[in-house]
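Worksheet for the structure shown next.
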Amino acid sequence: MNIMTVSGCVTVLLGIILAVIGCIQGKKRIVRENTFIPAEGEIVRLDSRTSVKFVKGVPIVVNEYKPVIRYRTENGDDITSEAFAWALKVGECRELAMMYETETPLTIRYDPLNPKDFVYNSKKGFFVREVIYKFIFAAVLIGLGVFMIRGGTWV
């Protein structure tokens, strides 16, 4: 066995481990979100910031919003919590701003184990994309490892 074969085996193994961990992690996050409890909330404050995002190399100035939401849990506890991340989608930002201005209630889902952790829209699509990205990276690692094992020859 030479160094290329050993390195290739290690690379293939890392790719397989990444794929398995990505799948397990994604499934856990999706199952966890399914346990969240719906509640009616209201936006008490809408923090905003202007930033520059690059889309295909072109700088675009965007407004981002981060809502602070008050809601009541099943136990009757009043919770005020801010969103985990800034809303970047134009439609979602506009929707949040309109809800804040008109004091429209919104339905959120919170974690019963940690009531300050909530989601406004489902993040399942984000979790699935994360898993797909890990699988793509794992496939590249596995392909590279197989190439290294074969010694760079395809005869």
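Laboratory data are not the source of any read-out in this text; all were calculated from the coordinates shown. Bear in mind the structure is a predicted one, so any value in this text is a computation, not a measurement. Cβ atoms come from the backbone with ideal geometry, glycine included; neighbour counts cover every protein chain shown.
Numbers below:
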{"item": "Contour minus Cα-Cα distance for Arg72 and Ile24 (0.36 nm per residue)", "result": "14.1 nm"}
{"item": "Relative contact order of the chain, pairs being alpha-carbon contacts under 8 Å that are 6 or more residues apart, as %", "result": "37"}
{"item": "Members of Lys27/Lys124; Lys27/Lys116; Lys27/Lys53 lying beyond 19 Å, as alpha-carbon distances in this model show", "result": "Lys27/Lys116; Lys27/Lys53"}
{"item": "Local net charge near Phe137, Cβ-Cβ under 14 Å (Lys/Arg +1, Asp/Glu -1)", "result": "+1"}
{"item": "Kirkwood Rh, angstrom, the range 42-110 [1 / mean 1/r, Cα pairs]", "result": "13.2"}
{"item": "Burial order of peptide ranges 50-62, 21-33 (average beta-carbon count within 10 Å, highest first)", "result": "21-33, 50-62"}
{"item": "Ellipticity estimate at 222 nm from DSSP helix runs (n ≥ 4, -39,500 (n - 2.57)) divided over the chain, nearest 500", "result": "-16000 deg cm²/dmol"}
{"item": "Nearest-ten-degree value, helix 90-102 long axis tilted from longest Cα axis of the chain", "result": "20"}
{"item": "Mean separation of Cα contacts under 8 Å (6+ apart) over length of the range 42-110, as relative contact order %", "result": "33"}
{"item": "Sum of side-chain charges, Gly26 neighbourhood, beta-carbon under 9 Å (Lys, Arg +1; Asp, Glu -1)", "result": "+3"}
{"item": "For the chain, radius of gyration divided by Kirkwood radius, i.e. Rg to Rh on alpha-carbons", "result": "1.17"}
